[in-house]
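What follows is a short report on a single structure.
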Amino acid sequence: KARTVLLATEKAFAAAAVTKIEEVLKEAKYTLKKLENYKSKDELLAAVSGVDAMIIRSDIVDASVLEKAEALKIVVRAGAGYDNIDLKACEAKKVTAMNTPGQNANAVAELVFGMMIVSARNNFDGSSGFELVNREIAFYGFGAVARAVHKLAQGFGMKSFAYDPYIPAEKIKEMGAEPVATVAGLFEHQYVSLHVPLTDETKASINKDLLSKMPKGGTLINTARVEVVHEQDMLDILKTRQDFCYLCDVAPKDIEPFKAAVGDKFGKRLIFTKKKMGAQTAEANDNAGVAAANQIVGFFEKGETRFSLKA
Ligand code: 3PG
């Protein structure tokens, strides 16, 4: 059966990745419909009608979208985090939801190091900074992204620590990181890098209690979701501790007080991106986009459900 796949990306993939997605779909005799860089939810609601499948990024797929997508069978989040998909609503409509774990992990890992180096070298302002060698980095969550950061950290001669409630301590050790028993234990190290999904449990969970445990030069790296960090608590820490740094992919909701809190040290103590940039590389776009297209074809042609998500 000829299928139509909607690529709905508020933040577009690189053009080369879109071409590759189209090639995969063409091979299966599917049609690609594109809605890129759209500005309003209405455009999305209009585009979903009649499509069999969707490829999305951080685009919101909720009950109202599913309502208009009467022919939809599968939605694939080309990326890791799926807090933008209402899985219960998908289940109710018998729509399969999937992600493409690991496909953009290296891109995020390189961004983490990019931000760490800019911070350690005082945003290249000419003053003396410090080196990352022999420093400690602790990972909250030790999935594909954290492991990719850990691999780079090993190259830099850093020491890694990790806490992940779903991964046995033995396995963390085997991968060359020191297992940490509690979330709080992570915050004894200079760098803490967040790699947890946004859930009811993790939302605003990185609070003053945890942040104030961090040693001198404490630096929180957030390439997970901005909502995981308690915004007001982070602001208070940046105001009261002149040594503290926050390196974040995507800016806090209300950035102005943050800028004011760090004053002249802007660019060292506070780094943030305009749009979520972690997965914004040619390679990550190719990997995640093509994986999503292949998963859709595999689902329809062979009944493959390997990466399907549970509500
Ligand atoms: C992810 O969860 O895969 C990343 O946050 C990437 O999100 P994006 O596709 O919106 O850039």
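The values are calculated or read from the model by the stated rules, or taken from the named source; none is laboratory data. Please read all numbers here as calculations on a predicted model, not as lab measurements. A quick note on method: Cβ atoms are made from the backbone with ideal geometry, for glycine too, and the neighbour counts reach across all protein chains shown. Protein only, heavy atoms only, side chains kept; ligands, DNA and RNA dropped before computing areas. Shrake-Rupley method; radii C 1.70, N 1.55, O 1.52, S 1.80 Å.
Scanning the stretch 214-228 for residues that are open to solvent by less than 40 Å² (accessible area, probe 1.4 Å) and away from the ligand (no atom under 15 Å from the Cβ) yields 214, 217, 218, 219, 220. Got at least one residue in the stretch 67-86 being within 16 Å of the ligand (Cβ to nearest atom) and in a helix (DSSP H, G or I)? For the stretch 67-86, residues within 16 Å of the ligand (Cβ to nearest atom) and in a helix (DSSP H, G or I): absent. Considering only the stretch 51-70, I want to know if a residue exists there that is of a type in the set (Gly, Ala, Ser) and without any contact (Cβ under 8 Å) to a residue 24 or more places away in the chain. Within the stretch 51-70 (the criterion being of a type in the set (Gly, Ala, Ser) and without any contact (Cβ under 8 Å) to a residue 24 or more places away in the chain), the answer is yes, since at least one residue qualifies. When you look at residue 160, is it open to solvent by 20 Å² or more (accessible area, probe 1.4 Å), over 26 Å from residue 293 (Cβ atoms), more than 16 Å from the ligand (Cβ to nearest atom) and not basic (Lys, Arg), yes or no? Criteria not met by residue 160. Filtering the stretch 48-61 down to residues that are away from the ligand (no atom under 16 Å from the Cβ) and open to solvent by 10 Å² or more (accessible area, probe 1.4 Å), which residue is farthest from residue 24 (Cα to Cα)? Per the stated criteria, the residue is 49. Would you call residue 110 within 18 Å of residue 304 (Cα to Cα), part of a helix (DSSP H, G or I) and open to solvent by 40 Å² or more (accessible area, probe 1.4 Å)? No; evaluated as a whole, the condition is false for this residue.
Residues are listed down the side, and each one gets a yes or a no for (1) in the same structural domain as residue 239 (by TED's automatic domain parsing); (2) in contact with a Phe, Trp or Tyr (Cβ under 6 Å, 6 or more places away or on another chain); (3) modelled with pLDDT of 95 or more:
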{"site": "126", "(1), (2), (3)": "yes, no, no"}
{"site": "134", "(1), (2), (3)": "yes, no, yes"}
{"site": "155", "(1), (2), (3)": "yes, no, yes"}
{"site": "165", "(1), (2), (3)": "yes, no, yes"}
{"site": "174", "(1), (2), (3)": "yes, no, yes"}
{"site": "178", "(1), (2), (3)": "yes, yes, yes"}
{"site": "184", "(1), (2), (3)": "yes, no, yes"}
{"site": "206", "(1), (2), (3)": "yes, no, yes"}
{"site": "218", "(1), (2), (3)": "yes, yes, yes"}
